[in-house]
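Take a look at the structure below.
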Amino acid sequence: MGFEPDAEECDRLNAAADGHGWRSLRYIPEALGSPAGPRTLHLYKRRGCSSLLEADSELAGLYQRDDYFVLEGRQELTVRPLDDVADEYGIGDAEMLKVDVQGLDLEVLQSASELVRKSLLAIRAEVSFVPVYKSQPLFSEIEQFLRGHQFVPMEFLEMHHWRRSTRTKLPKLASGDMPFSHGQLIHGDVLFFRDPQHIEVETDRGRERAIRAALLAIAYHHLDHAYSLLSAPPLREYILDRYGIDITSVLHRISQQLAAR
């Protein structure tokens, strides 16, 4: 399930999902944030940069991207905490969350305290290292919040670097005096998993939840993480008895297949 506050765009996304066979994928016209109430969406020239936060166009200009943040309008909308929306739409037991809301990622996570505390097993969050938006929380604040809820960072799934003299990114070469240069890390997507030490495996419900956490880890090729979950004696025996699967041999085969790619 995804969230798109613009009703017209929400309808388009749902139609596109239907056309590609994603029967379980749907979007709902909600804006997320906390506390609940009216907010102003800043519509920037590069629409993907639109945000409830005001952009720091002067800072963006240091990296040749001030034109991304030319304000073309404002739209009033109402935000709701993710926990409330999750309850209404029956996804209070969600186990994977991807959040990318242009500087409001920490606010959305904080608005989902029940999901983060009780339900989620994996989170993919956009994080920033430079405050392109005014009062924008940076990576360290998001990491500290999630670590305080028993999540650990696993890897960067995306990293975006900006140079100060050009928009050109490697491996392309820029024109001018410095055709080659690495850029500064500005933002990226980080994958967080719930710490295996905080996933209980003493009950059948807990063991099934741990299996789903391991499957998410396998999907991202974190086999060590999956093994640390599945090799716990109560869970290893449960899987062998219920599913007839020897965890070590299965993960070994998966590891070999990935290594052979």
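Given the criteria assigned to a strand (DSSP E or B), closer than 30 Å to residue 162 by Cα and in contact with a Leu (Cβ under 7 Å, 6 or more places away or on another chain), does residue 41 qualify?
Details: assigned to a strand (DSSP E or B): yes; closer than 30 Å to residue 162 by Cα: yes; in contact with a Leu (Cβ under 7 Å, 6 or more places away or on another chain): yes.
So residue 41 fits the description; yes.
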**Fill in**
Being touching a residue at least 40 places away in the same chain (Cβ under 8 Å), surrounded by 13 or more Cβ atoms within 10 Å (Cβ to Cβ) and not β-branched (Val, Ile, Thr) narrows 61, 33 down to just 33
**Fill in**
Of the listed residues (74, 124), the one being free of Cβ contacts under 8 Å to residues at least 40 places away in the same chain and either over 14 Å from residue 1 (Cα atoms) or of a type in the set (Asp, Glu) (or both) is 74
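Being in contact (Cβ under 8 Å) with a residue 60 or more places away in the chain and of a type outside the set (Asp, Glu) is true for just one of 136, 197, 144. Which residue is that? Break it down into steps so the answer makes sense when it comes.
On the way: 197 fails: in contact (Cβ under 8 Å) with a residue 60 or more places away in the chain; 144 fails: in contact (Cβ under 8 Å) with a residue 60 or more places away in the chain.
The unique qualifying residue is 136.
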**For residue 70: the one exception among (1) among the hydrophobic types (A, V, I, L, M, F, W, C); (2) closer than 27 Å to residue 153 by Cβ; (3) surrounded by fewer than 19 Cβ atoms within 10 Å (Cβ to Cβ)** = (2)
**Request:** Specify the residue that is farthest from the chain's Cα centre (by Cα); the eligible residues are those in region 152-182 that are in contact (Cβ under 8 Å) with a residue 60 or more places away in the chain and more than 23 Å from residue 221 (Cα to Cα).
**Result:** 165
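Would you mind stating whether residue 196 is exposed (fewer than 14 other Cβ atoms within 10 Å of the Cβ) and at pLDDT below 95?
Values: exposed (fewer than 14 other Cβ atoms within 10 Å of the Cβ): no; at pLDDT below 95: yes.
Criteria not met by residue 196.
The values are calculated or read from the model by the stated rules, or taken from the named source; none is laboratory data. As the structure is a computational prediction, the values presented were derived from the model and not from experiment. Please note: Cβ atoms are built from the backbone with ideal geometry, for glycine as well, and neighbour counts cover all protein chains shown.
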